[in-house]
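Input: a single structure, listed below in structure tokens.
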């Protein structure tokens with residue numbers, strides 16, 4: 001394998017959010033209902049555009065579980081038993 | 001962090017570990033498979049296995065989407081990326097998976113225009129920004145990721161994006177589980193079911209495991225308390241002589257799954273008759289391809305791909321690791337010739353791969369004593 005491969009981006013402490021079975025809790029900031037997209041922010045404050053077709057309708061303040069740029073579920077508060 | 005900190009509480013963790021200890025029979029060896037690579041990662045990141053009695057063994061399953069991609073599919077991607085005018089996009093981990101003659105990252109170093117994206121939507125955006133180029137997205141992942149690809153293909157059609165297509169290497173979770181359960185060299189007592197796959201498919205598809213094979217299943221979240229609680233559920237079922245599918249991850253997993261996601265997947269994809277899994281061989285109806293209705297968005301039809309089957313490297317024992325037959329450190333090349341920086345096998349590539357999890361969290365060689 002080349003030197004380029006050796007210096008490839010490596011997922012560190014966190015899962016690789018791109019291809020694993022991972023989900024990021026995010027909060028909706030703004031909704032573009034016409035295009036089925038929402039601007040969301042994660043816990044660190046980073047913002048990204050999220051596909052919301054699977055969990056619509058959404059509104060600002062909603063908490064979503066986001067995987068690979070798509071919201072796959074709404075988050076419902078639950079305490080561990 | 002809301003929804004997270006509650007599930008990392010050390011006191012609650014110790015209490016769950018105590019309950020687990022009270023349930024196990026001394027002298028009996030328990031083998032519980034965590035199906036999902038995300039669970040494998042969490043178990044070693046948080047040291048969950050250190051809280052378990054020595055006779056409870058966690059076996060790592062085939063649920064890492066990168067780890068199960070065979071070398072031939074990587075070669076197909078590289079061949080496609082070398083087409084004149086193509087921008088090839090894929091998830092980060094996929095770039096490091098070795099093919100028979102280097103990885104996508106090596107191909108990038110050789111001049112191919114290969115770009116890492118965080119979502120299929122990002123790939124579509126690149127297509128819209130580069131209308132004179134062909135943009136191909138290399139789609140991998142289980143049912144968690146497949147809806148995202150399906151929605152992007154629908155969006156590409158709706159927005160009239162002509163220069164976007166997708167190589168579909170999506171896989172489904174149930175067929176490999178059935179193949180594992182049929183495997184003669186593997187004896188398992190129960191399963192920790194995949195959390196986010198179940199968000200999409202629901203709990204119902206796993207009911208064949210208790211019904212046909214008499215094994216308990218607990219679908220689990222990814223925080224340490226989620227996993228401990230799921231282990232407790234499995235052991236409690238065993239202690240009480242029950243076997244059923246229990247849902248520990250109710251906060252995001254509905255019993256029936258996400259029906260909209262299942263609909264969009266059914267519209268855009270169809271099952272392949274066979275799909276090759278690294279280390280597991282060909283498994284019937286375990287892979288998805290783009291349906292005829294979306295043929296114009298299928299890169300495998302738009303471009304010619306070699307489609308050649310390539311045998312895994314002889315030194316690599318990813319197959320045995322994926323089946324849970326051996327521990328990563330029992331592989332001959334683990335931590336020596338094969339490291340996350342220079343992987344030979346796919347299980348060392350992704351952070352969700354069992355070998356990478358062992359390596360990154362210092363489990364180079366350890367046999368736990370059996371009670």
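Condition first: assigned to a strand (DSSP E or B), surrounded by fewer than 17 Cβ atoms within 10 Å (Cβ to Cβ) and within 12 Å of another protein chain (Cβ to nearest Cβ). Now tell me which residues in region A:28-48 satisfy that. Let's see the steps before the verdict.
Kept after step one, since they are assigned to a strand (DSSP E or B), are these residues of region A:28-48: A:28-32, A:37-42, A:47-48.
Applying the additional criterion that residues be surrounded by fewer than 17 Cβ atoms within 10 Å (Cβ to Cβ) yields A:29-30, A:32, A:39, A:41-42, A:47.
Once the filter is applied, which keeps residues that are assigned to a strand (DSSP E or B), surrounded by fewer than 17 Cβ atoms within 10 Å (Cβ to Cβ) and within 12 Å of another protein chain (Cβ to nearest Cβ), region A:28-48 yields only A:42.
Does residue B:210 qualify as being touching a helix residue (DSSP H, G or I) at 6+ places or on another chain (Cβ under 6 Å) and away from chain A (no Cβ under 14 Å)?
no
Looking only at region B:57-71, decide whether some residue is more than 7 Å from chain A (Cβ to nearest Cβ), modelled with pLDDT under 95 and surrounded by fewer than 18 Cβ atoms within 10 Å (Cβ to Cβ).
no
Could you tell me how many of the residues in region B:182-207 are farther than 18 Å from residue B:32 by Cβ and in a strand (DSSP E or B)?
Of the residues in that region, 0 qualify.
Hey, among B:138, B:88, which residue is more than 13 Å from chain A (Cβ to nearest Cβ), touching a helix residue (DSSP H, G or I) at 6+ places or on another chain (Cβ under 6 Å), closer than 24 Å to residue B:265 by Cα and crowded, with 24+ Cβ neighbours inside 10 Å?
None of the other options fit; the residue is B:88.
Let me confirm something: among B:27, B:38, which residue is within 13 Å of chain A (Cβ to nearest Cβ) and either under 29 Å from residue B:195 (Cα atoms) or not in a helix (DSSP H, G or I) (or both)?
B:38
Please go through region B:300-312 and pick out each residue that is buried (at least 16 other Cβ atoms within 10 Å of the Cβ) and within 22 Å of residue B:183 (Cβ to Cβ).
B:312
Is it true that some residue in region B:234-251 is more than 13 Å from residue B:217 (Cβ to Cβ), touching a helix residue (DSSP H, G or I) at 6+ places or on another chain (Cβ under 9 Å), within 14 Å of chain A (Cβ to nearest Cβ) and buried (at least 21 other Cβ atoms within 10 Å of the Cβ)?
no
Name, by its number, the condition in (1) in contact with a strand residue (DSSP E or B) (Cβ under 9 Å, 6 or more places away or on another chain); (2) surrounded by fewer than 24 Cβ atoms within 10 Å (Cβ to Cβ); (3) part of a loop (DSSP other than H, G, I, E, B) that does not hold for residue B:179.
So residue B:179 meets the others, but not (3).
Of everything in region B:91-123 that's touching a residue at least 60 places away in the same chain (Cβ under 8 Å) and more than 7 Å from chain A (Cβ to nearest Cβ), which residue is nearest to residue B:149 (Cα to Cα)?
B:97
So which residues in region A:57-72 are over 26 Å from residue B:12 (Cα atoms) and surrounded by 14 or more Cβ atoms within 10 Å (Cβ to Cβ)?
Residues satisfying the conditions are A:58, A:62, A:66, A:67, A:68, A:69, A:70, A:71, A:72.
Taking region A:49-81 as the region of interest, how many residues are at the interface with chain B (Cβ under 9 Å from one of its Cβ atoms) and more than 10 Å from the chain's Cα centre (by Cα)?
14
Based on this model, can you work out whether residue B:207 counts as more than 30 Å from residue B:5 (Cα to Cα), surrounded by fewer than 21 Cβ atoms within 10 Å (Cβ to Cβ) and free of Cβ contacts under 8 Å to residues at least 12 places away in the same chain?
Numbers: more than 30 Å from residue B:5 (Cα to Cα): yes; surrounded by fewer than 21 Cβ atoms within 10 Å (Cβ to Cβ): yes; free of Cβ contacts under 8 Å to residues at least 12 places away in the same chain: no.
It is false that residue B:207 is more than 30 Å from residue B:5 (Cα to Cα), surrounded by fewer than 21 Cβ atoms within 10 Å (Cβ to Cβ) and free of Cβ contacts under 8 Å to residues at least 12 places away in the same chain.
The values are calculated or read from the model by the stated rules, or taken from the named source; none is laboratory data. In this text the structure is predicted, and so the values were computed from the model without any measurement. Don't worry about glycine lacking a Cβ; one is built from the backbone with ideal geometry, like all the others, and counts go over all protein chains shown.
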